[in-house]
Amino acid sequence: MTPSPKPQCNNILTELLSDATWRIFRIMAEFVDGFQFLSEQGPSITIFGSARTPEGHRSYEEARRLGALLAKEGVTIVTGGGPGIMEAANRGAFDENGHSIGLNIELPFEQRANKYITKGIGFHYFFSRKVMLSISSLAYVYFPGGFGTLDELFEIVTLIQTKKMSPLPVVLVGRDFWEPLKDWIVENMQKKHKYISQGDENLLHIVDSADEAYRYVMDKISMVCELPSKK
């Protein structure tokens with residue numbers, strides 16, 4: 001059987017660019033809708049972590065407690081809207097009748113929205129969703145997770161390091177998970193290879209519980225602004 005001829009690379013490129021022209025309008029719409037949606041939600045903190053973390057796991061229960069503690073202060077909890085840590089943080093805020101926001105991603109054959117979201121919005125593109133997860137928060141809290149969690153962490157840290165965004169608190173919850181990573185950053189990236197400046201590692205603040213994260217975040221927020229009283 002004679003194999004089908006391969007398409008010319010130039011033809012593939014032309015087709016991709018032609019399609020991209022029309023995608024621009026969808027991208028623009030997602031950014032406009034996302035910015036408008038977030039502007040109506042009040043002061044917020046974004047919580048990240050693995051979608052695979054089950055109920056009953058220590059990280060799940062700590063994320064749930066943190067969501068509740070922050071919601072009591074009138075802080076809007078923002079997550080990716082899915083299961084695991086996202087569900088836990090939304091659940092904590094929901095239990096306290098707080099604002100529990102989910103920024104969902106549309107995936108084929110999969111429902112990612114958890115049932116503890118009071119308001120949500122869906123995105124087709126991962127990159128526009130990532131912008132919305134970071135653009136309006138007063139702090140960023142990371143529970144243990146996989147590649148997606150690390151991607152979101154290092155993007156925020158890079159933006160702060162390069163002064164493309166304000167030096168907002170970046171909190172990592174779970175010493176046993178995060179301290180080996182920070183040690184590697186210090187020993188390899190900073191001391192051995194000089195790929196980051198001395199002190200850059202201090203952009204990451206590690207704690208071991210929801211209560212520690214809550215106290216650190218609230219202390220930092222109180223230095224720059226006053227939260228509205230919870231309604």
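Structural remarks
- Taken over the range 80-98, residues that are part of a loop (DSSP other than H, G, I, E, B) and in contact with a helix residue (DSSP H, G or I) (Cβ under 6 Å, 6 or more places away or on another chain) amount to 3.
- Scope the range 99-147; condition part of a strand (DSSP E or B), farther than 18 Å from T158 by Cα and not acidic (D, E); matching residues: S100, I101, G102, L103, N104, I105, L107, K119, G120, I121, G122, F123
- Scanning the range 118-161 for residues that are more than 27 Å from W178 (Cβ to Cβ) and among the hydrophobic types (A, V, I, L, M, F, W, C) turns up I121, F123.
- Selected residue (only one of E87, E96 is closer than 18 Å to E152 by Cα and of a type in the set (D, E, K, R)): E87
- Flag for V171 being assigned to a helix (DSSP H, G or I) and among the aliphatic types (A, V, I, L, M): no
- Total residues in the range 185-222, condition within 23 Å of the chain's Cα centre (by Cα), of a type outside the set (S, T, Y), surrounded by fewer than 12 Cβ atoms within 10 Å (Cβ to Cβ) and more than 17 Å from Q161 (Cα to Cα): 1
- Taking the criterion of being surrounded by fewer than 22 Cβ atoms within 10 Å (Cβ to Cβ), touching a residue at least 40 places away in the same chain (Cβ under 8 Å) and either in contact with a Gly (Cβ under 6 Å, 6 or more places away or on another chain) or not basic (K, R) (or both), the residues of the range 66-91 that qualify are L69, E73, G74.
Read-outs throughout are calculated quantities, based only on the coordinates presented, and are distinct from any laboratory measurement. Just so it is clear, the model here is predicted, and its values are computed rather than measured. Because the Cβ atoms are built from the backbone with ideal geometry, glycine has one as well, and the counts that use them run over all protein chains shown.
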